[in-house]
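No value in this document is a laboratory result; all are computed from the given coordinates. None of the values given here were measured: they were computed from a predicted structure. Here the Cβ positions follow ideal geometry from the backbone for every residue, glycine too, while neighbour counts run over all protein chains shown.
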Amino acid sequence: MTARKGVARLGNSRNNRDARAKDEVYRQMFRLEESRPGAEKGLALGLLRAWLAADTEPESGEGRNWLKKITPICLEMIETSLKGGETGCHFVQ
């Protein structure tokens, strides 16, 4: 019984880490859309943390798939913001 509880906790903690990473990235995306100071760095750091967390998990296929989809969008938002443009929803996937 103890082994099963331990496995359940590991899976749950992985889900929690994935959820926290997604939450941080989405929160920083909203901050960037609101043109808050330093939001570009916050979003870049959030993405980097999410990728690092995904690399530490051998079975993080779902998290990696999400990162592969969201990263190009975030990069375009950051680049547009740094160029002084608007960060509206005009990105390409």
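Taken along the Cα-to-beta-carbon direction at a fixed 7 Å, the label points for residue 48 and residue 13 span 2.5 nm. Each residue of region 61-67 was assigned a 3J(HN,Hα) from its phi angle through the Karplus expression (A = 6.51, B = -1.76, C = 1.60, θ = phi - 60°), giving x, 5, x, 5, 4, 4, 4 Hz with x at Gly and Pro. If only the Cβ of Lys and Arg carry +1 and only the Cβ of Asp and Glu carry -1, the dipole of region 16-75 around its Cα centre is close to 140 debye.
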